[in-house]
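Readers should treat all values here as calculations from the given coordinates under stated rules, not as data from a laboratory. In this text the structure is predicted, and so the values were computed from the model without any measurement. Ideal geometry is used to build each Cβ from the backbone, glycine not excepted, and the neighbour counts take in all protein chains shown.
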Amino acid sequence: MKKINFIKMQSLGNDFVIIDHIKKSYKLNKNDIKKISDRNYGIGCDQVLILEKSNKKDIAFKYKIYNKDGSESGQCGNGAKCIAKYYFDKYGKYKKEIKIETITNRMVLYNNKNKSYKVDMGIPNFNSKEFISLKRFFIYKGKKYLYKTISIGNPHAVFIFKGIEKINLKHFSGQFNKKKYFKNGVNISLVENIKNNNWLARIYERGSGETKSCGSAACAISVCTKILSNSLLDNSYVHMYGGKAQVKWSGKELDSVYLIGTAEYVFKGTCTI
């Protein structure tokens, strides 16, 4: 039996269990992650986020992201806003920025003056090794859907069309992933234009299912729609079930994309595994 201290947090309705391993380490396996994530038998969350000590001087901590099914992810933007708030509150009230590291990349977290946080999500990658098909369309129920591929630390397929609310997203995503267009599955976004630089989106995250929001998906959507619409504005807004995400990207190939927003504590406690 293991007793584990945790903090439950959320950003845009995307909820997380935060476990701080920086000073005290717990050994968690795949089944532990599944149990913690379960909304009926555990704490319940979209993802479990673990902060671990880093031996690198310029890295504040290692950031591990686990999906409901126990698989590890390389990116989570809303989660990064949550751990930014947690870290700055507990370890660095007077710090303006820190660097952290995931299994796929490094990130920079900024502590803004207005109680919001800016996350450097890295440089968008349009040629990830996760993309193993040259096809850029998907036939679903006899209709052709075009999509764009992009990696923001994890792979995304972005579909832009009208009437996204009419789609059975779980079935659509399941059928798409059966095609094996991506090496290890993909995060899927269905996107519809609301008005200039504002987009309505539904998100299906690999390993977690449909979520109220997703930070890396918001970034993927903003980059793809900026390119397709030839927008000159740096900021765009992605409206998801959990709320509106602000994303900033210059449009330059080698510039990072930034996710900006707030995060909140929900509750803290101890669970026994």
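A few notes on this one:
- Partner lysines for LYS226 [C-alpha distance under 24 Å; skip if fewer than 8 residues away on the same chain]: LYS81, LYS118, LYS129, LYS135, LYS144, LYS148, LYS162, LYS195, LYS212, LYS244, LYS248, LYS252
- Tally of Lys pairs whose C-alpha atoms are under 12 Å apart, taken over segment 4-74, 8 or more apart or cross-chain: 7
- Taking a span of 18 Å or more along the helix axis (Cα atoms) and a mean Kyte-Doolittle hydropathy of at least 1.0 as the rule, the DSSP H helices of the chain that qualify are 215-229.
- GNM result for the chain, Cα springs below 10 Å: residue of HIS156, HIS171, HIS21 fluctuating most strongly: HIS171
- Residue order for SER236, SER54, fewest other beta carbons within 10 angstrom first, comes to SER54, SER236.
- Cα gyration tensor shape for segment 144-194, rounded if a/c is under 1.5, else prolate or oblate: oblate
- Spread over its residues, the convex hull of the C-alpha atoms of segment 137-255 is 102 Å³ per residue.
- Exposure proxy ranking, count of Cβ atoms within 10 Å, fewest first, for ASP234, ASP32, ASP20, ASP89: ASP89, ASP234, ASP32, ASP20
- Mean separation of Cα contacts under 8 Å (6+ apart) over length of segment 126-270, as relative contact order %: 17
- For segment 11-41, the residues whose amide N sits under 18 Å from a probe point set 7 Å from the Cα of ASN5 along the beta carbon direction are 17-28.
- Dipole check for the chain: with +1 at the C-beta of Lys and Arg, -1 at the C-beta of Asp and Glu, and the Cα centre as origin, the magnitude is about 320 Debye.
- Model label points for SER71 and LYS113, set 7 angstrom from Cα along the Cα-to-Cβ axis, are 4.3 nm apart.
- 222 nm mean residue ellipticity, helices alone, for the chain (DSSP H n ≥ 4; -39,500 (n - 2.57); rounded to 500): -5500 deg cm²/dmol
- Value of D in µm² per second that Stokes-Einstein yields for the chain, Kirkwood Rh from Cα pairs, at 20 °C (1.002 mPa s): 113
- Mean separation of Cα contacts under 8 Å, 6 or more apart, over the residue count of the chain: relative contact order %: 22
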